[in-house]
1. Please work out if ILE99 is under 17 Å from ILE132 (Cα atoms) and touching a residue at least 24 places away in the same chain (Cβ under 8 Å).
2. Somewhere in the stretch 12-22, is a residue of a type in the set (Lys, Arg), at pLDDT 70 or above and crowded, with 16+ Cβ neighbours inside 10 Å?
3. How many of the residues in the stretch 85-104 are among the β-branched types (Val, Ile, Thr) and surrounded by fewer than 13 Cβ atoms within 10 Å (Cβ to Cβ)?
4. Name the one entry in TYR35, TYR119 that is under 17 Å from the mean Cα position of the chain (by Cα) and either crowded, with 16+ Cβ neighbours inside 10 Å or of a type outside the set (Gly, Ala, Ser) (or both).
5. Mind counting the residues in the stretch 65-87 that are modelled with pLDDT of 90 or more and basic (Lys, Arg)?
6. Would you confirm whether any residue within the stretch 105-116 is of a type outside the set (Lys, Arg), at pLDDT 85 or above, more than 14 Å from the chain's Cα centre (by Cα) and exposed (fewer than 13 other Cβ atoms within 10 Å of the Cβ)?
7. Within the stretch 69-83, can you find the residues that are out of contact with any Asp or Glu (no Cβ under 8 Å at 6 or more places or on another chain) and surrounded by 12 or more Cβ atoms within 10 Å (Cβ to Cβ)?
8. Within the set of pairs 6 or more residues apart or between chains, which connect a residue that is surrounded by 13 or more Cβ atoms within 10 Å (Cβ to Cβ) inside the stretch 49-68 to a residue that is among the aromatic types (Phe, Trp, Tyr) with Cβ atoms less than 6 Å apart?
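The values are calculated or read from the model by the stated rules, or taken from the named source; none is laboratory data. Quick caveat: nothing in here was measured; it's all calculated off a predicted structure. Cβ coordinates were reconstructed from backbone atoms using ideal geometry, including for glycine residues, and neighbour counts include every protein chain displayed.
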Amino acid sequence: MAFNIEKINPLDLQPRKIVGVRLPFSSRDVFTPTYTTREALKSNLINFLLTNKQERYLNPDFGANIRSLLFEQLTADVLDVIDSTIRRGIEIWFNNVSIIDLTVVEDLNSNTVVIYMKYGVNFTNIEDELLINFQQ
């Protein structure tokens, strides 16, 4: 009989320990803390997708650089470039994350690019998804 043993991050065992900061910064306080590694990872992925290259001080290679691609003529090729850029960036910066489903589509009526990503954390049972809308 096989057992599926879930690995739990030691930070998740300390219920009052702040692990990260939630995005966006839209609460009464400036920063909304995250208390689990699942929430912190989701905020880090959102931060990665919304950051352009050369934006981070002392870390100029960080970021998916998606906003620079949105000013191109949106074709199937550009959507494929966005998809491959996200996949390559996740492999480099988040090597413990595996992408289960990644969908990049354009909505011509609202002039929006929608990115849906379902991801999992390797060697854990953590799965989550995020949806980001880029409006031109």
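1. no
2. yes
3. 3
4. TYR119
5. The qualifying residues number 1.
6. Yes, there is a match, as at least one residue in the stretch 105-116 is of a type outside the set (Lys, Arg), at pLDDT 85 or above, more than 14 Å from the chain's Cα centre (by Cα) and exposed (fewer than 13 other Cβ atoms within 10 Å of the Cβ).
7. LEU69, LEU70, VAL81, ILE82, ASP83
8. Within 6 Å, the pairs are ARG56/PHE62; ALA64/PHE48.
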